[in-house]
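Peer 1: Pasting in a structure now, in structure tokens, and then I'll have a few things to ask.
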Amino acid sequence: MRNILTLLLLASPPWAGDGKLTGADAAHGSQSPAIPISEVIRHTIEAQAKGQVRVAGVVTACQPTTQSTFLRPGERIEAAPVLRHAVFRPAGRAETPQPVATGDRDADLVRLEGWLLRSIRRPDEHGDQLSGLLTGSRLALTGICTVHAGANSLPRSFELLLRQPADAVVLANPPWWWASHILAILAAMAVAVVLAVAWGLALRRRMRSQAAMLSQKRDAEAALEERYRDLFDNASDLVFTSTLDCRLTSLNCAAERVCGYRREEAVGKSVLDIMASDQRERAAEIFGELATGAPMPPFALDLITAAGARRTVEVSAHLLRRAGREPELEYIARDVTERMRAEAELKHAKDAAEAANQAKSEFLANMSHEIRTPLNGLMGMTELALDTELDAEQREYLTTVKSSADMLLTIINEILDFSKIESGKMALEMTPFEVRPFMEESAKALLVRAEQKGLVVVRDVRPDVPEWVVGDAVRLRQILLNLTGNAVKFTERGGISVAVECEERTSTEVRLRFSVADTGIGIPLDKQNTIFEAFVQADGSTTRRYGGTGLGLAISARLAGLMGGTIRVESRPAEGSTFTFTARLGIGAPAHPSTPAAPAETTLPRPTRPLRILLAEDNPVNQRLALLLLQKQGHSVAVAANGEEALRACGQEEFDLALMDVQMPVMDGIACTRAIREREGATQRHLPVVAMTAHALKADRDRCLKAGMDDYVSKPVRVKELAEAIERCVAAPATAPAVETW
Ligand code: ADP
């Protein structure tokens, strides 16, 4: 193989370069004998001394060159090589060189087997083709061996020049234990170990923090539990728990204290066993509901303590669900025994006060009735007597009797009014009235008495006061009369002024301010507030100069309050007083204002025709009085002593009218009237019935009208009032009013 010419193409890769022939320098021409190329390559001093050499050999590998001669491996050639642009020519055919298996042949075509330990990738297409070779693979490589000598010309390394990619044959893929694999595995293991260690550390840290959290939670729970226990034990309310079938499982100190059972005695007992026996059924129902989880409003139950005492507790209970534990009922109860007792006592006291008030009202009504009945006779007979021929002295006596009776009636009316206001039964009428005539009327009563005392009276209605207002003129006049009456009573010199002005006004409402000023005795400062209280007088001494009940201002203040106003006084002793009160009134005139009323007649109205009248009255004096009054008016009268007699008389005779007392023995006026109305039934007949009663309250009047009566006069009967009521009834069309039965 030493005689084989080996041509190497140094272009990279060697078989695809630009066709450079490498080898020792050799002389051109065929004259000099050719030497094996290996000797040219194995460059020695001796070879150099020969000068230009001619080389001959067989082509092992070739690559395109600038020469036109085409060579194939195996072709024998001769060449006079130069290191650059070598010229070669064919010299015949020889056997294609075969690689030798072993040996240290420089520039020989050799075949080697070995492990691919490392590959360096070159950036060309063949580099790419060989890049698939795996490190650690067993390879068979066929290529031209180039031995590299060291400084001492001893071989140091060699290089194998592959002719084509196919010269590298993979004999075996790298075994798994190949170093790089092992390294990779070791690296992966190391990474895994590091990761495992890191994960372990992280896990440990996490576990530690979780353990810390757990312990904190446990501590917090323990603190909470302790706090709950503390609250539970020290709560003033009773706190206890039970199973769903009401067996006690725990109770706090307050529950122990109230029930009288120690904890160990109570636990296991049924809650129902400590309930009052009359409440067990209800309690069982409630607890059954609670066990279903249904919410229940607080409820009151009575329990029996260990000492046998009955105590009332207000309980709010609910179903308690706790993780890992059986559901329980929790009860929070408050001992309300004392409160209930106090409430019961309060209610009792209230009931007693109401009963006393009721009794007072009834007493007042009865007293009023009882006083009015004799007063009726007294006043009526006096009026009748004054209507007869009398000498001056007799007339004076009788006039005094009449004014005393009038005063007595005023007092009774005041007491009744006050009682009505106190019991909330005073209702105000809302009717339109004209302010200026109203003020004139009110001042009239004042004028007579003021003139008698030589007092000057000034009246002033300011222009901003509306003409018409809507309210209760009767009650408004009552306040004014009381104030002006007092002004006259408590003033000896000087004068009195009565004024009204507008304090506030909207389109529908007006607040009027009334003031009554006098130059009288005045009121001490410390008394100015108390005089509005009932039965209080500025001068409460037994030596007081002025009479009165002390009720007038109390009634006035309450009436002003009912009218949405207030009353107050400004006064200086010995200089005088000014009372002012306000009243909220509607604004509005009636749809059809009536013509101004004719001045009140002082004489009795003459009856339009004589009537046949049935008088039902049990009191002999009042019977006599009514008989005389009616006969004086020209009527004929049949007398019945009670309702039954009256009803019988109605069946026997036709009357034009019946005067009916209400309170009578056997059958009262109400029952009698109802019976009369029932008997009349659907017939066209209608007997006008006028109540004549000492029951003077508005409710009494309403009761009479509901029973089927047509009109009402209260005792003491004024002759004029009675005559007017009779006239109203007989003048009205005789239509049957609706009778309410009850
Ligand atoms: P009566 O006048 O019936 O005693 P009142 O309630 O009307 O009751 O008055 C209560 C008290 O107020 C009177 O007793 C009187 O002491 C005092 N008083 C009322 N008005 C005047 C007034 N114009 N001047 C002085 N004192 C008065």
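Readers should treat all values here as calculations from the given coordinates under stated rules, not as data from a laboratory. Bear in mind the structure is a predicted one, so any value in this text is a computation, not a measurement. Reconstructed Cβ throughout: ideal geometry from the backbone, glycine too, with neighbour counts over all protein chains shown.
Peer 1: K715's amide H: which non-local residues (gap 5+, or another chain) put their own amide H closer than 5 Å, with H modeled 1.01 Å from N in plane and none for Pro or chain starts?
Peer 2: The list, which skips near neighbours in sequence, is T693, A694, H695.
Peer 1: Exactly which chymotrypsin sites (Phe, Trp or Tyr not before Pro) in the range 149-245 are in a DSSP loop and have at most 14 other Cβ atoms within 10 Å?
Peer 2: Within the range 149-245, the qualifying chymotrypsin sites (Phe, Trp or Tyr not before Pro) (loop, at most 14 other Cβ atoms within 10 Å) are W176, W177.
Peer 1: Please report how far the C-alpha centroid of the range 169-232 lies from that of the range 315-389, rounded to the nearest whole angstrom.
Peer 2: Cα centroid of the range 169-232 versus Cα centroid of the range 315-389: 81 Å apart.
Peer 1: In addition: What length, rounded to one decimal in nm, is gained on full extension from K444 through to E326, with 0.36 nm per residue of separation minus their alpha-carbon distance?
Peer 2: So the chain would gain 33.5 nm between K444 and E326.
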